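Report on one structure; see the data block that follows.
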Amino acid sequence: MIAKETIEQLARDMGLTERPEPLGDGLRAFEWNGQLVMVLDDRHRPVRVDLRCDSQLAGVLRERYESVLPSSQLHPRKWNTVICSGQLSLPEVQDLVRHSFELVQSEQAADES
């Protein structure tokens, strides 16, 4: 099981900032340049994290892992909920956080062009 504090540290290490106002009880949003990258949900045990994902990769992950689900809080085609139960290793979760961050960066760069 991956702890909430580990996910928080991943966000800080990537330069993500926590939105000052939570999305709701137990829901904490992390962003980069004002764009949502990750939502940490610590209302459950194990904790859950919603991450942006390429739609094709999202489908592959959902088929392969029972701990990866379509997001129920955000656009389910573009966002996955990862249950941090340990089915995905910490390096795999780190890669998914990085993927979400890179999608947000590339979309912001495209918007600025």
The ratio Rg/Rh over the Cα atoms of the chain, Rh being the Kirkwood inverse mean 1/r radius, stands at 0.94
Counting every C-alpha pair in the stretch 17-58, the percent lying more than 16 Å apart is 40
In the stretch 1-107, taking the dipole from +1 charges on Lys and Arg beta carbons and -1 charges on Asp and Glu beta carbons about the Cα centre, the listed residue (Leu74, Ala3, Pro20) farthest towards the positive end is Leu74
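Trypsin sites (Lys or Arg not before Pro), restricted to the stretch 35-75: which are DSSP loop and have at most 11 other Cβ atoms within 10 Å?
On the way: sites: Arg43, Arg48, Arg52, Arg62, Arg64; in loops: Arg43.
Passing both the DSSP loop test and the Cβ count: Arg43.
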Relative contact order of the chain (C-alpha contacts under 8 Å, at least 6 apart) in percent is 25
If amide H atoms are modeled at 1.01 Å from N in the peptide plane, then the residues at a separation of 5 or more from Leu36, or on another chain, having amide H under 5 Å from its own are none
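Lys and Arg at +1, Asp and Glu at -1: add these up for the other residues within a Cβ distance under 10 Å of Ala29 and post the number. It would help to have the intermediate numbers written out before the result.
Numbers: positive: Arg19, Arg28; negative: Glu18, Glu21, Glu31, Asp50.
Result for the local shell: -2.
Which value, in debye to the nearest 20, gives the size of the charge dipole of the chain about its Cα centre, when Lys and Arg are +1 and Asp and Glu are -1 at the Cβ? Spell out each step's value before the answer.
Values: 13 positive and 19 negative charges, 70 e Å.
Its charge dipole is roughly 340 debye.
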Taking the reciprocal of mean 1/r across every pair of different Cα atoms in the stretch 53-113, the Kirkwood radius in Å is 12.2
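Taken together, the values in this text are just the output of simple stated rules run on the coordinates, not laboratory data. None of these values were measured; they are calculated from a predicted model. Quick reminder, even Gly has a Cβ in these numbers, built from the backbone with ideal geometry, and neighbours come from all protein chains shown.
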